Amino acid sequence: MAKYIGPVCRLCRREGEKLYLKGARCLSPKCAIEKRNFPPGQHGKEGQFKRNRSSDYLLQLREKQKARRVYGVLEAQFRRYYRQAIKSRGVTGAVLLQILERRLDNVVYRLGFAANRAQARNLVTHGHFNINGRRTDVPSMQVQPGDLIEVRPGSQRRPYFTDLKSGEGDKRSGVPNWLSAEPALLTGKVNRLPAREEIDANLNEQLIVEFYSR
C-alpha cells in the first residue's frame, strides 16, 4: 500500500495555503504557512512572485494536486477515482469529491476518531475498526449509507480510545449531517451520501475535471 511519507508541511507550502494535514499544529503559530509562507525548495521565495502569472494548466494542476494531498491519495488511485466518477450518474466533479469523502479513513476522521486523515489511515490500517461487525484494515474502503463504523471491543481498552471515550481526547470539530456519531459508544453511522455543500474541503472540482479532460 503506497503512501506519501515525506514532510507534509512542504505540501501546504507548495499549495500556498493550509491543508490541515497535521491537525492541531496547523492552528498554532508552529504552522509552516505562518512561519514560511513561500514554496519549498531552493527557489521558493523567487517562485512566489510568479504566481500571478499562472496559466490555466497550472491552476488546474495545482487544484488536482491539492485534492490529492488533502485526502492522502497518490496519482494512480486518484485517476481511478476520476474514471469511476465519469461512469457514475451526476456531475463528475461533485461525484469525485463524494467518492473521496466516502473513503473509510476520511469517515473515521470526520467522525472525530482521529485528529487528521493521516492518523485515521494509521488507525484503520492497524485494524482498530469494524464495519457492520466485520474487522477491516483497508483505508480506501468505500462506505455506504447504513454502514455502522465502530471501534473494535479489544481496541476500546487502549489508552487512546479510553481518552476519546471519556472526552479527554475529543477530536471532533463538527460531525457533518451525512454522518452521526455516538462518542460514548465509539460508534458512527453513515446516514446518507454527502451533498456537495457538506464537503468542506476548499477545492474547485471543476478545475480538476478540466485537467483530466485536456
Kindly check whether there is at least one residue in segment 165-187 that is assigned to a helix (DSSP H, G or I) and either touching a Pro at 6+ places or on another chain (Cβ under 7 Å) or not assigned by TED's automatic domain parsing to the domain that holds Val95 (or both).
-> yes
Looking only at segment 110-121, which residues are assigned to a helix (DSSP H, G or I) and either closer than 19 Å to Leu179 by Cβ or at pLDDT 95 or above (or both)?
-> Arg110, Arg117, Gln119, Ala120, Arg121
Only residues that are surrounded by fewer than 22 Cβ atoms within 10 Å (Cβ to Cβ) and either charged (D, E, K, R) or part of a helix (DSSP H, G or I) (or both): list them for segment 124-145, please.
-> Thr125, Arg134, Arg135, Asp137
Return the only residue of Glu205, Glu210 being in contact (Cβ under 8 Å) with a residue 60 or more places away in the chain, buried (at least 16 other Cβ atoms within 10 Å of the Cβ) and more than 21 Å from the chain's Cα centre (by Cα).
-> Glu210
Report yes if Ala94 is among the aliphatic types (A, V, I, L, M), more than 25 Å from His128 (Cα to Cα) and touching a Lys or Arg at 6+ places or on another chain (Cβ under 8 Å), otherwise no.
-> yes
Pair list, Cβ < 6 Å and 6+ apart or interchain, from segment 113-125 residues that are in the same structural domain as Pro183 (by TED's automatic domain parsing) and closer than 20 Å to Lys189 by Cβ to residues that are in a helix (DSSP H, G or I) and charged (D, E, K, R) = Arg117/Asp105; Ala120/Asp105; Val124/Asp105
Taking the stated definitions as given, is Ala195 surrounded by fewer than 14 Cβ atoms within 10 Å (Cβ to Cβ) and either in the same structural domain as Gly90 (by TED's automatic domain parsing) or under 30 Å from Asp56 (Cβ atoms) (or both)?
-> yes
Got a number for residues in segment 172-191 being more than 15 Å from Phe129 (Cα to Cα) and modelled with pLDDT of 95 or more?
-> 4
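The values are calculated or read from the model by the stated rules, or taken from the named source; none is laboratory data. The structure displayed is predicted, hence computed values, not measured ones. Glycine also receives a Cβ, built like all others from the backbone with ideal geometry; neighbour counts cover every protein chain displayed.
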